[in-house]
Amino acid sequence: MVPLPRFAGEDRCATVASRRSTRHTGTVKQSLIIDCDPGVDDATGLLTAFACPAFDLLAVTTVGGNVSAEKTARNARILRQIAGRDDVPVLVGAERPLKREPAGAGEFHGAEGLGDLAPFEPVSPVAEGTAAEAIVRLVMARPAGSVALAVMGPMTNLALAMRAEPGLAGHLGPVVVMGGARSEGGNITASAEFNIWADPDAAAEVFGSGCRMIVMGLDVTHQVRATEDRIKAIEAVDTASARAAAAMLRFSQRIERVIVGWDAGPLHDPCTVAWLLKPELFELTPCRVEVETESELTRGHTAVEFRVDATTANHFWATKADAEGVFAVITERLGHTSEGMGA
């Protein structure tokens, strides 16, 4: 049996199972920061997390990625307003990668990043400070291992936070990232997935930091497909969040058919939130992940080495997902309103 991931502060939460057993009794919430670049699949992940009382959602931090940093910050605020969660601060992060020129993915997300959803100026502004500053402040102010981080975009903000606070890696709880590819190959080059390719230098620093990481690469997210029946199930839910998520899934379905030829596109970023809610929906394998930063041909390639000591491994690669279970979690959560979940 593959051992479950270990995290800082193991006296508080020795295993994933123990975290879940306390989380759902109502006595303990999982403190969480979401770092993202919305992005239509980020949007579904955010809307799901906003509707989840199991999370103490400390902040949403944004980064340039799928679209520009200005647009990702606006989009996060739009989604926050749709979900009725203005109690959650949104902080603007890095505009560009550590060493590279920015590279977007508007062809898969629409020019504004939210598919067919017409952008508007949200009522509530961004919070003061930067994303990296907020990550350091919020994590270091709490017990070691108690704050989870879901990274749905390039890892620039987290790398900058680790540079600012060398103790951050050892203080973090689970860092659940969407990024990387192995057996599935890449979606931006032959071997690179977009989030890692967009800022491979940041990804290399984070993977090399020693923090415990759950990695949702294309190997597993390509198993979680937005089929017609699954989209229809979300469309049947009568909440603002479900309607917004369903509309973006329809946009993705149309784009995937045109660009890739798939009838059911993969749902990447929400897998991070799904794992935090129900880790039993995924199978993980201990490994060591290193990122190629020098070669332009293989820029952002994730070298995933499974020949590691499972008892000391820092990285855990997701190999299998229960797609029906993931969509069931998302659909169920999107059916709830934000009432009672604010600060």
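For segment 312-321, give me the residue count where each residue is open to solvent by 40 Å² or more (accessible area, probe 1.4 Å) and within 25 Å of V224 (Cβ to Cβ).
Quick first cut of segment 312-321, residues open to solvent by 40 Å² or more (accessible area, probe 1.4 Å) only: 312, 314, 319-320.
Now restrict to residues that are within 25 Å of V224 (Cβ to Cβ): 314, 319-320.
Of the residues in that region, 3 qualify.
For every residue, the table says whether it meets (1) closer than 16 Å to D116 by Cα; (2) hydroxyl-bearing (S, T, Y); (3) in contact with a Lys or Arg (Cβ under 7 Å, 6 or more places away or on another chain).
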site: M213; (1), (2), (3): no, no, no
site: V220; (1), (2), (3): no, no, yes
site: A244; (1), (2), (3): yes, no, no
site: L249; (1), (2), (3): yes, no, no
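Candidates G104, G153, G113: the one that is modelled with pLDDT under 95 and open to solvent by less than 10 Å² (accessible area, probe 1.4 Å) is G113. Those helices (runs of 4 or more DSSP H) of segment 204-311 in which 3 or more residues are open to solvent by 40 Å² or more (accessible area, probe 1.4 Å) and at pLDDT 95 or above occupy 228-235.
Set side by side, the residues M178, M140 differ, and just one is within 29 Å of V28 (Cβ to Cβ) and either small (G, A, S) or touching a residue at least 60 places away in the same chain (Cβ under 8 Å) (or both), which is M178. Check segment 163-178 and report whether any residue there is under 15 Å from G300 (Cα atoms) and in contact with a strand residue (DSSP E or B) (Cβ under 8 Å, 6 or more places away or on another chain). So far as segment 163-178 goes, yes, one or more of its residues are under 15 Å from G300 (Cα atoms) and in contact with a strand residue (DSSP E or B) (Cβ under 8 Å, 6 or more places away or on another chain). Could you say whether any residue in segment 130-143 is surrounded by 24 or more Cβ atoms within 10 Å (Cβ to Cβ) and under 15 Å from G208 (Cα atoms)? No, because not a single residue in segment 130-143 is surrounded by 24 or more Cβ atoms within 10 Å (Cβ to Cβ) and under 15 Å from G208 (Cα atoms). Comparison of G153, G173 shows that the only residue that is among the small types (G, A, S), under 21 Å from A73 (Cα atoms), touching a residue at least 24 places away in the same chain (Cβ under 8 Å) and in contact with a Gly (Cβ under 6 Å, 6 or more places away or on another chain) is G153.
Give the residue, chosen from T272, T319, T285, T312, that is closer than 23 Å to G210 by Cα, free of Cβ contacts under 8 Å to residues at least 60 places away in the same chain and among the polar types (S, T, N, Q).
T312
The values are calculated or read from the model by the stated rules, or taken from the named source; none is laboratory data. On a predicted model such as this, the values are computed, not experimentally measured, just so you know. Cβ sites come from the backbone with ideal geometry, for glycine too, and all protein chains shown count toward neighbours. Protein only, heavy atoms only, side chains kept; ligands, DNA and RNA dropped before computing areas. Shrake-Rupley method; radii C 1.70, N 1.55, O 1.52, S 1.80 Å.
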